Amino acid sequence: MNKTTNQIICGDSVEALKDLAPGSVDLAITDPPYLVNYIDRNERRVANDSNADAVLPAFNGIHRALKQDSLCICFTGWTALDAFTKAWTEAGFRIIGHIVWTKPYASNSGQTAYHHESAYVLAKGRPKRPAKPFADVQQWVHSGNRFHPTEKSVENIAPMIRAYSNPGDVVLDPFLGSGTTAVAAALCDRTYVGIELEQKYCDLARRRLEGVERYRDIKAAA
């Protein structure tokens, strides 16, 4: 098996995952389209957010790419949870945890005001428990959604990377968006593999990662 190196792959995640070596990934963290046809206040949309066939089959590829006894942490909302749960189970994952980030503001409202984000902790096999379990209720750090309509902040992603992987491990995000997971992985001294469909976000992710490298160079020279 070839050693996985830092890379941003621009293309369809279902197809691109087929090119990753089986068992080459230590941790997956991803924020796929929630299948809700989301439109933000600036009229920005998320690619494939109404196309389950372009999203849900990716979990088969994620499961294949992950090492045995490892984790996938997947953000998702409640509106299509039945479809996601079915896809996770069919891919071979077990739900072993649920993380909630509380927000001081409501991002939307219906019968309730939406004051949280959530992610599910999915297991391939029997992952070893971390020395210090990650609290399942966290405080949300708002990214401002400057680069992407559903952008997550590095401050929310990096603590999970530190909790569930080790320096040098490979962290995968097959729905990379603006590149946050890859940036967080780089800052945590992990190897990143990101897959993103839209070229503009691939280019943005690479620019952000170039910024991480410049930061490292400055820090090393100080």
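The values are calculated or read from the model by the stated rules, or taken from the named source; none is laboratory data. All of these numbers come straight from a predicted model, not from anything done at the bench. Here Cβ is always computed from backbone atoms with ideal geometry, including for glycine, and neighbour counts include all displayed protein chains.
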> Among 121, 55, which is the only one that is aliphatic (A, V, I, L, M) and over 20 Å from residue 23 (Cα atoms)?
Replying inline: 55
> Taking strands (runs of 3 or more DSSP E) that fall entirely within region 121-206, which contain at least 1 residues that are within 13 Å of the chain's Cα centre (by Cα) and modelled with pLDDT of 95 or more?
Replying inline: 170-173, 191-196
>> Restricting to region 168-217, give me the number of residues that are exposed (fewer than 15 other Cβ atoms within 10 Å of the Cβ) and free of Cβ contacts under 8 Å to residues at least 60 places away in the same chain.
In response: 12
